[in-house]
Amino acid sequence: MKNFTASLIAFSLVSQLISQEKPPICQDDYAFIKAGMTIEIPVLENDWCMTGHEMKLFFASSTPGATVNIVDDLIVYTSYYYFEGIDSVPYSVKDLTNGLLSEQAYLIVTVDNPGKEILEVNDVRAMVNAYGYQFCDITEYTPWFEVPKGSGVSSLFSLTLWLGGKDGSGNLHVAAERYRQTGADFFAGPFAGLYGDDYELDWNELWRLSREEIETHQSSWNDPGYQIPGAIESWPAHGVVASGQAPNLAPYIDWNGDEVYQPEWGDLPAIRGDQNLFFIYNDDLAEHAETGGDKLGVEILGQTYGFDCPGDSIFNQTIFLHYDIINRSEQPYYQFYAGIYTDYDLGYAWDDYVGCDTINQAYYVFNGDPDDEVSTILGGAGYGTSPPAMAVVVLNHPLSAFVVPSGYVGPSSLAYTYDEVYNNLQGLWKDSSAIVYGGNGIGAGSPTKLMYTGDPVGNAGWTEAMGGNPPGDRRVIGVVGPVDLPIGDTLSIDLGLIWARDYTGDNISSLALLQERIPQLRWYYENDSTPCGREWLGMPSRTTQKNTYLVYPNPVKDQFQIRDIGENQFLLCKIFDLSGRLLRLESLDGMHSIDCRSLRPGMYILNVLTDDKRFNIKFVKQ
């Protein structure tokens, strides 16, 4: 009996000791990081375990936004290049002394992605990416071309460039992307001779500007207390020549003609539209993992922009893309093509038709039936009844080809390799066989490079419906070219992405409305105007004018004369020191002498203002 009692006492003591053991207690940790970067977080620093005990990270799991590893007592978080948002890493800690585990805690990471922005100046809400793959969030492959804004319905899945040409020896060079799932052919940043390890991360950036900011800077750059907006101040006007970048990159207004971007002296970015997102990318940084094609060595300067014209349905539901494709390589290209690969998902993706308007140089998508339903299996919001229509309008070139791949196998399926891409750019199927007029473009018939050129509204010519095609998911390539692209030359392309919906009609009447709007859009482009009463470009035509003023002598000792050698009328001139301090204010006529004897020796800025121009002229006082 005594032994039994002693055993009970011993068991009770052990139980009490065990019950006093406590698991670690973890508190959530917080961090901030730029997309694509790596950060090490010592999460145990604010966690607790019993005195005299040792604790260690037990597990931490990867997330949609990053890869996660445990190194000693650190969580190593490497953000995905495409991700943006708040990411939560679940983790737990183990007490190595008593073996108990903590409850789950979180490392909460805010990831900023400066290479991902939203254009939303009008009734279109579109995602723009710095590396050229537009209107899609690659994190989860979510379409972001929402029209009307706030509807939650997208009309376009993605849009990107396909480029290809031949060098002097006939060798093919191609850069093209579909979805960046097998790699990339394009990379953020300008063409360079030297690319550092973080080059693409450093250039993963968009410059957001508005017409209001540009006009305010133009009128107020030298006003006391004026703060230059960050995008104007950091505008990538010049490259690092020592690294093999071009001396001039992003376009800008050079008021004094000294070929140096100086926003502190009134220089400003040359942008289009009322809201603009500028980006710059290249095909040269790495091997082409998507197509396997040889590099072109091109640099693309891009602007995605829109106008704030709420009273005009055309401009209120249209945005624009401007591309400057520059040959930065050391060889010219011949038979060079630029294709616009467009994955149309007009709401619900699996009931669409497409076509080509050869008169207005546009290719369009519309619903194959009067009801754009919501898929219960595949997902995707539809527009319902009276679905819209949408088009990509090539504003400054004729369409040389319009190709509609179909199926997943065979010569008419989507191109994957560089030679298949180039065949599509030439208006051929990917195996180089000819597209024929009629049906689905396959078989016997007359060769053509432009598919579905008929009119679905008038039920005339070659259309998808008349060819017997069922509606479905459509991916298309609109092509410009061929052109020669000499060393240092630029191919500029302007696109309008226009949308229309007849809310009292059906799918065909929406297409008819779109057909009415496209010529009107072209008229405004060709006449450099908008229905809002502003010019199409963000700056007036004086941006290209040269300095017509002459200051002599320069350097000056006592006085200098300023003479207009053009036809401008003087209004006012100001003299600033290099710190921006206003020293002198003079009214001028056609020729004027300015006394400089009171100025100390050094460099000064003479600012000349006329009725339509402003120039800065540097001079030296001896």
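The values are calculated or read from the model by the stated rules, or taken from the named source; none is laboratory data. Just so it is clear, the model here is predicted, and its values are computed rather than measured. All Cβ positions, glycine included, derive from the backbone under ideal geometry; neighbour counts span all protein chains shown. Accessible surface is based on the protein model in full, side chains and every heavy atom, while ligands, DNA and RNA are left aside. Shrake-Rupley method; radii C 1.70, N 1.55, O 1.52, S 1.80 Å.
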Checklist entry - Given LEU572, ALA270, PRO398, which one lies farthest toward the positive end of the charge dipole of the chain, if we put +1 on the Cβ of every Lys and Arg and -1 on the Cβ of every Asp and Glu? => result LEU572
Checklist outcome for this item: With the charge dipole of region 47-174 built from beta-carbon charges (+1 for Lys and Arg, -1 for Asp and Glu) about the Cα centre, the Cα from ILE108, THR63, ALA126 projecting farthest to the positive end belongs to ALA126
Checklist outcome for this item: Matching label for the computed P(r) over Cα pairs in 10 Å bins from 0, in percent, out of (i) 3, 14, 20, 20, 16, 12, 8, 4, 2, 1, 0, 0, 0; (ii) 3, 16, 26, 23, 15, 9, 5, 2, 0, 0; (iii) 3, 16, 28, 28, 17, 6, 1, 0, is (i)
Checklist outcome for this item: Per DSSP loop assignment and a cutoff of at most 10 other beta carbons within 10 Å, the chain keeps its longest run without exposed chymotrypsin sites (Phe, Trp or Tyr not before Pro) at 1-407
Checklist entry - In region 108-263, if every C-alpha pair distance is counted and binned at 5 Å from zero, what percent goes to each bin? => result 2, 7, 12, 15, 17, 16, 14, 10, 5, 2, 1, 0
Checklist outcome for this item: Rounded to two decimals, the Debye log10 I(q)/I(0) of region 248-325 (Cα scatterers, no solvent) at q = 0.10, 0.15 Å⁻¹ is -0.39, -0.74
Checklist entry - Of the heavy-atom accessible surface of the chain (probe 1.4 angstrom), what whole percent is carbon and sulfur? => result 52
Checklist entry - What 222 nm value per residue comes from the helices of the chain, counting each DSSP H run with n ≥ 4 as -39,500 (n - 2.57) and dividing by all residues, nearest 500 deg cm²/dmol? => result -3000 deg cm²/dmol
Checklist outcome for this item: Given backbone amide H placed at 1.01 Å from N, residues whose amide H is under 5 Å from that of ASN129, ignoring those fewer than 5 places away on the same chain, are PHE135
Item to check | Ordering of 286-294, 472-480 by burial proxy (mean other Cβ atoms within 10 Å per residue, highest first) | outcome: 472-480, 286-294
Checklist entry - Could you give the accessible area per residue of the chain, probe 1.4 Å, as a whole number in Å²? => result 43
Item to check | Signed unit charges on C-beta, dipole axis of the chain, positive-most listed residue MET451, MET37, LEU159 | outcome: MET37
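Using 0.36 nm per residue, how much length does the chain from VAL260 to ARG600 gain when fully extended, once their Cα-Cα distance is taken away? If you can, show how the numbers build up before the last one.
On the way: separation 340, 0.36 × 340 = 122.40 nm, distance 2.52 nm.
This chain segment gains 119.9 nm when fully extended.
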Checklist outcome for this item: For region 236-394, the Debye formula with one identical point scatterer on each Cα and no solvent gives log10 I(q)/I(0) at q = 0.11 Å⁻¹ as -0.71
Checklist entry - For SER234 and ILE359, FRET efficiency with R0 = 45 Å and r from the beta-carbon atoms, rounded to 0.05? => result 0.55
Checklist entry - So what's the gap between the Cα centers of region 243-314 and region 172-209, to the nearest angstrom? => result 14
Checklist entry - Dividing the convex hull volume of the Cα atoms of region 67-184 by its residue count, what figure in Å³ per residue is obtained? => result 175
Next on the checklist: For LYS449, give me every one of the lysines with a C-alpha distance below 23 angstrom, ignoring sequence neighbours fewer than eight places off in its own chain.
Outcome noted: LYS166, LYS430
Checklist entry - Isolated Cys in the chain by the 4.7 Å beta carbon test? => result CYS26, CYS49, CYS136, CYS356, CYS573, CYS596
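Compute, for the chain, the length of the dipole vector about the Cα centre, with Cβ point charges of +1 (Lys, Arg) and -1 (Asp, Glu) only. Units Debye, rounded to 20.
Details: 37 positive and 82 negative charges, 199 e Å.
Charge dipole of the chain: 960 debye, to the nearest 20.
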Checklist entry - Any idea what the relative contact order of the chain is, in percent, if you count C-alpha pairs under 8 Å spaced at least 6 apart? => result 11
